[in-house]
Amino acid sequence: MVPLGQIQSMQIDEIEDLKDKEVILYCRSGNRSGQACMFLDAMGFKNTRNLVGGMLAWQEKVGG
């Protein structure tokens, strides 16, 4: 798990090997992970996914 602020300040070469892999991002509500998807997409990542609604929506669906 990597906080949004840390993703934005990371050296992209630290996660370069993930550029062609599916990367699923999530946060509490889906907003910060959506921003992280846009940031990584702009950095050349090809397959980012945002958990829409975040962990709150996921918990609601699974009954947690």
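Give, as residue ranges, the helices (runs of 4 or more DSSP H) completely inside the chain that count at least 3 residues that are surrounded by 15 or more Cβ atoms within 10 Å (Cβ to Cβ) and of a type outside the set (A, V, I, L, M). Spell out the reasoning first.
Working: elements: 4-9, 31-42, 54-62.
Result: 31-42.
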| How do the pairs read when you match residues in the stretch 1-29 that are within 13 Å of Leu40 (Cβ to Cβ) with residues anywhere that are outside any helix (DSSP H, G or I) and among the aromatic types (Phe, Trp, Tyr), using Cβ under 8 Å and keeping only pairs 6 or more apart or on different chains? | Leu18/Phe45; Lys19/Phe45; Val23/Phe45
| remark: Residue count, the stretch 27-44, condition closer than 13 Å to Ile7 by Cα and touching a strand residue (DSSP E or B) at 6+ places or on another chain (Cβ under 8 Å), comes to 6
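No lab work stands behind these numbers, since they all come straight from the coordinates. Predicted model only: the values in this text are computed from it and were never measured. Every residue, glycine among them, receives a Cβ derived from its backbone with ideal geometry; neighbour counts consider all protein chains shown.
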